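Since the structure comes first, as structure tokens, the remarks are kept for the end.
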Amino acid sequence: MAVYTLPELPYDYAALEPVINPQIVELHHDKHHAAYVKGANDTLEQLAEARDKEAWGAINGLEKNLAFHLSGHILHSIYWHNMTGDGGGEPLAADGVGELADAIAESFGSFAGFKAQLTKAAATTQGSGWGVLAYEPLSGRLIVEQVYDHQGNVGQGSTPILVFDAWEHAFYLQYKNQKVDFIDAMWAVVNWQDVARRYAAAKERGDSLLLAP
């Protein structure tokens, strides 16, 4: 039985226009995200077979594959809900997301400073990767991370709450090689309600990172 399943989109393919066209949303979700789900499940089966046969010759590759596909599944599952056709702007107390707005201001000095940092982090990933806003539980603050592929260059205890996909498959059909233009456009579809819920949930369980028994 499959451990991981492809989540349904919370909107139709055309919901994010004109920022992301329907063809990209369909291919990105139905093909690319689905491939990460299949890859994670297939790798778990291969690891189970390796344990049964005590055949560990491929263990390095299998562990890397699991991290790659599982992280791809997790980040994409957040990505779809981080966006809405009614999104954009900045988080405001008047919209019920004041706690998130305060945390951004405290962690980055201002919303403008945060926006600039996440934009640059996403747009300057070398090759494939993500720009990520994450809750870091040791300091209790928000940080921006630059994720290569799906799983590298992150604080081990941090929880992603807003993710910008900077892989070419996320934008190339529409934006060609202009990654910066795509990242700039992404701010118009950010679902701050979803980000605020993720921030609240991450903060609530923030003391679950055990550094000592």
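The numbered conditions (1) open to solvent by 20 Å² or more (accessible area, probe 1.4 Å); (2) among the charged types (D, E, K, R); (3) modelled with pLDDT of 95 or more are all true for Asp194 except (1). Taking the criterion of being among the charged types (D, E, K, R) and buried (at least 21 other Cβ atoms within 10 Å of the Cβ), would at least one residue in region 164-171 satisfy it? Looking through region 164-171, at least one residue is among the charged types (D, E, K, R) and buried (at least 21 other Cβ atoms within 10 Å of the Cβ). In region 1-44, of all residues being open to solvent by 20 Å² or more (accessible area, probe 1.4 Å), more than 17 Å from the chain's Cα centre (by Cα) and of a type in the set (A, V, I, L, M, F, W, C), the one that is modelled with the lowest pLDDT corresponds to Met1.
Can you report the number of residues in region 64-87 which are part of a helix (DSSP H, G or I) and β-branched (Val, Ile, Thr)?
Going through region 64-87, the residues part of a helix (DSSP H, G or I) turn out to be 64-81.
Checking the rest, the ones that are also β-branched (Val, Ile, Thr) come to 74, 78.
Summing the residues that are part of a helix (DSSP H, G or I) and β-branched (Val, Ile, Thr) in region 64-87 gives 2.
The listed residues are Tyr135, Tyr199, and the only one of them that is in contact (Cβ under 8 Å) with a residue 40 or more places away in the chain, over 24 Å from Val19 (Cβ atoms) and crowded, with 20+ Cβ neighbours inside 10 Å turns out to be Tyr135.
Contact map, region 4-26: first residue more than 11 Å from Thr84 (Cα to Cα), second residue of a type outside the set (Ser, Thr, Tyr) and outside any helix (DSSP H, G or I), Cβ cut-off under 6 Å, separation 6 or more or different chains; pairs are Pro22/Ala14.
Determine, yes or no, whether Ala50 is among the small types (Gly, Ala, Ser), under 18 Å from His169 (Cβ atoms) and in contact with a Phe, Trp or Tyr (Cβ under 7 Å, 6 or more places away or on another chain). Spelling it out, it is not the case that Ala50 is among the small types (Gly, Ala, Ser), under 18 Å from His169 (Cβ atoms) and in contact with a Phe, Trp or Tyr (Cβ under 7 Å, 6 or more places away or on another chain). Of all residues in region 153-176, those that are closer than 16 Å to Gln126 by Cβ have Cβ atoms under 6 Å from Cβ atoms of residues that are crowded, with 20+ Cβ neighbours inside 10 Å and small (Gly, Ala, Ser), 6 or more apart or on another chain, in Phe164/Ala122; Phe164/Gly131; Ala166/Ala122; Ala166/Gly129.
For Gly57, state whether it is in a loop (DSSP other than H, G, I, E, B), open to solvent by 80 Å² or more (accessible area, probe 1.4 Å) and either of a type outside the set (Asp, Glu) or over 24 Å from Ala202 (Cβ atoms) (or both). If you could, list the steps in order and put the result at the bottom.
On the way: in a loop (DSSP other than H, G, I, E, B): yes; open to solvent by 80 Å² or more (accessible area, probe 1.4 Å): yes; either of a type outside the set (Asp, Glu) or over 24 Å from Ala202 (Cβ atoms) (or both): yes.
Judged against the criteria, Gly57 is a match.
The values are calculated or read from the model by the stated rules, or taken from the named source; none is laboratory data. Please read all numbers here as calculations on a predicted model, not as lab measurements. With ideal geometry, Cβ positions are generated from the backbone for all residues, glycine too; neighbour counts draw on all protein chains shown. Surface areas here come from the heavy atoms of the whole protein model, side chains and all, with no ligands, DNA or RNA. Shrake-Rupley method; radii C 1.70, N 1.55, O 1.52, S 1.80 Å.
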